[in-house]
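Input: a single structure, listed below in structure tokens.
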Amino acid sequence: MPRASILVAFLTAAGAAQMLAPVVSAQAPSQSSEPAPLATGDAAARPWKRYPGWPTRDTASFNTLADQKLSPPAPSAPRKLEGPVTGDPAIGAELVADRTRGGSCLACHVMGQAGNADLPGNVGPDLSEIGNAGLKDEELFNFVYDARVYHAETIMPPWGTNGLFSDAEIGHIVAFLKTLTKPAMFPTEVDDPSKRPPPVETRDNLDDLVNPGLWTVEKAQQLWTTRGPVGFSCASCHDRAEDHFKTWAASMPKWEPRLDKVLGVEEFVYRHAQVATGLSWLMQSSENTAMSVYLRFLADGQEIHVDVTSPGAKQAYERGKALAAAKVGQLNFSCLDCHNPERGGLHWIRGQWLGEQRGQYDHFPTWRTSQQDIWDIRKRFQWCNVAVWANELPPDAKEYGDLELYLAVANAGLKLNVPGIRH
Amino acid sequence: MKQVSRRDAVLMGVSAALYLTVSDAAFATPAEAAAEIDKFTGGTEPAQGNISIDLPEIAENGNTIPLNITVDAPMTAESYVSDVLVVADGNPNPALAKFHFTPLSGRAVAGTRIRLAGTENVIIVAKTSDGRLFTDRKQVKVTIGGCGG
């Protein structure tokens, strides 16, 4: 296209984009040092609908990352019980392994032969001999009902207060706990969480015979030259992607003062492409994920280094840090409860290894072999929220932006390696 | 691990068949796996050994588990490993794969990824051109997730 017609096309296009969505700033059709124009409004589907196939329970009466005033407060004292706890230890033995209750007790505790000692976890203490500990029925009951009455900082879910187990069920669990008097005998060595080897990722994630997620790179290369309604493609302004984006993704996410929130690569891609091309690549659409993988793929090998020096970024980081410690969901877990090594991090929940925060960002978006799909970091946040029985937020929620910034800082210096491949 | 004898397998088959009449289990049983093996061997009991199975002891999920098999046997025109059967005794369809070799293969080595429904045994049976049979097996523990459903 001759230069003059590009300009004419751009002027028309800029007008068209204005009608499509409010534009934060306009820009000539070339990559310049001016801030990139960004669309305002929602960057993901509204109303947000949970993915089909995900757990459908609505846990609206418990804390989310956006509202931490919903869950019932911790009781101030242990409950007084009238008389001894009655219960059937056989029913209790089933309840401690009941996987409809958030993984239940075996997720975190070895409990003798409960669940045939099949891959129990070790976030909490081994309870195989708790029956010898001389605890009163009422104490055992209260430990299960809400352990916060004994240890304010416990990460154990308040099973009774949050309605996960009824009083009668806790009675059965107490009856079972009292039968535990012998160390566990594990059917195989890997069943023993103290001997089970942590997973080590050795796959060559950039080999497309190994990583099915690499379709995204090919798709993004096609999208790069796809013209949108505005008349431009990515290539119109950034002709050779590999020249322009050698380092960019390693500096993301970034505080965006014009929108008063943190933008990750995915949200940036939606907002910028929407204005510049008219294409609507909503977050977590296949186009958005493909482009977000590609932009990180181009910066693979670069060390993650995000800016937290501007006042806005500093505040966002502090908010993200607080969100990482916020207790959410009916199970009442924070990010740190599971991923800080001083709490659950680097331990087993049942047969799954809880990684620490460092190492949980450099490979996203990542192919998930368990899901047979490629997920960006926001989808991972959403899934964790649902897994702790909290309602998830839309992927463009500002809380996820703050949290992503905090996570990126915890991963500073690690080299981008995208798309990853993981469980 | 204790090897399952033919007689054990038949007994297991009987109990499994009884079990199946009172349940609607979607997973295969060791008896169905044994039937697949019998189809392959023609009923002859394979000798234990001569096969190295490279499989993880534990897998975070059953979707793409790397499997590498090496049969330690000469590959000459007179005697070579001709067929290798892979069976998983807990999968809905227990017969997972069959590999064919010729003397020109040089070595009886194969690698693939398999999908397992849960913790179960992967059984390999190899057949040579002159009618010898080998077998070996390995259990893969497929992880139980922590968060529940």
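The values are calculated or read from the model by the stated rules, or taken from the named source; none is laboratory data. Since this is a predicted model, take the numbers as computed values, not measurements. Cβ sites come from the backbone with ideal geometry, for glycine too, and all protein chains shown count toward neighbours.
Evaluate region A:203-213: report whether one residue or more is within 14 Å of chain B (Cβ to nearest Cβ), assigned to a loop (DSSP other than H, G, I, E, B) and touching a Gly at 6+ places or on another chain (Cβ under 6 Å). Yes: region A:203-213 contains one or more residues that are within 14 Å of chain B (Cβ to nearest Cβ), assigned to a loop (DSSP other than H, G, I, E, B) and touching a Gly at 6+ places or on another chain (Cβ under 6 Å).
Yes/no matrix, rows are residues, columns are (1) touching a Phe, Trp or Tyr at 6+ places or on another chain (Cβ under 7 Å); (2) modelled with pLDDT of 95 or more:
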{"site": "B:Thr44", "(1), (2)": "no, yes"}
{"site": "B:Ala47", "(1), (2)": "yes, yes"}
{"site": "B:Ser52", "(1), (2)": "no, yes"}
{"site": "B:Ile58", "(1), (2)": "no, no"}
{"site": "B:Asn68", "(1), (2)": "no, yes"}
{"site": "B:Val71", "(1), (2)": "yes, yes"}
{"site": "B:Ser79", "(1), (2)": "no, yes"}
{"site": "B:Val84", "(1), (2)": "yes, yes"}
{"site": "B:Val87", "(1), (2)": "no, yes"}
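Of the residues examined, A:Gln330 is one that is assigned by TED's automatic domain parsing to the domain that holds A:Ala66, part of a loop (DSSP other than H, G, I, E, B), out of contact with any helix residue (DSSP H, G or I) (no Cβ under 9 Å at 6 or more places or on another chain) and in contact (Cβ under 8 Å) with a residue 40 or more places away in the chain.
Matching residues to (1) touching a residue at least 12 places away in the same chain (Cβ under 8 Å); (2) crowded, with 16+ Cβ neighbours inside 10 Å; (3) assigned by TED's automatic domain parsing to the domain that holds A:Phe381; (4) closer than 29 Å to A:Gly413 by Cα:
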site: A:Phe232; (1), (2), (3), (4): yes, yes, yes, no
site: A:Met252; (1), (2), (3), (4): yes, yes, yes, yes
site: A:Arg258; (1), (2), (3), (4): yes, no, yes, yes
site: A:Gly264; (1), (2), (3), (4): yes, yes, yes, yes
site: A:Phe268; (1), (2), (3), (4): yes, yes, yes, yes
site: A:Ser280; (1), (2), (3), (4): no, yes, yes, no
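Scanning region A:381-400 for residues that are part of a helix (DSSP H, G or I), surrounded by fewer than 24 Cβ atoms within 10 Å (Cβ to Cβ) and away from chain B (no Cβ under 13 Å) yields a total of 3.
The criterion of at least 1 residues that are free of Cβ contacts under 8 Å to residues at least 40 places away in the same chain and more than 14 Å from every other protein chain (Cβ to nearest Cβ) is met, among strands (runs of 3 or more DSSP E) falling completely within region B:95-149, by B:95-100, B:108-114.
This table checks each residue for (1) at pLDDT below 95; (2) among the aliphatic types (A, V, I, L, M); (3) under 30 Å from A:Met283 (Cα atoms).
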| position | (1), (2), (3) |
| --- | --- |
| A:Ser32 | yes, no, yes |
| A:Pro35 | yes, no, yes |
| A:Ser71 | no, no, yes |
| A:Asp88 | no, no, no |
| A:Asn142 | no, no, no |
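Restricted to region A:84-101, and to residues there that are assigned to a loop (DSSP other than H, G, I, E, B) and within 14 Å of chain B (Cβ to nearest Cβ), the residue that is farthest from B:Gly148 (Cα to Cα) is A:Val96. When A:Arg99 is tested against the conditions (1) touching a residue at least 40 places away in the same chain (Cβ under 8 Å); (2) surrounded by 15 or more Cβ atoms within 10 Å (Cβ to Cβ), the lone failure is (1).
Criterion first (crowded, with 23+ Cβ neighbours inside 10 Å, within 12 Å of chain B (Cβ to nearest Cβ) and closer than 22 Å to B:Thr119 by Cβ) does A:Gly121 satisfy it?
Yes.
Of the candidates A:Leu81, A:Leu106, A:Leu119, the single residue that is touching a residue at least 12 places away in the same chain (Cβ under 8 Å), part of a helix (DSSP H, G or I) and more than 25 Å from A:Gly401 (Cα to Cα) is A:Leu106.
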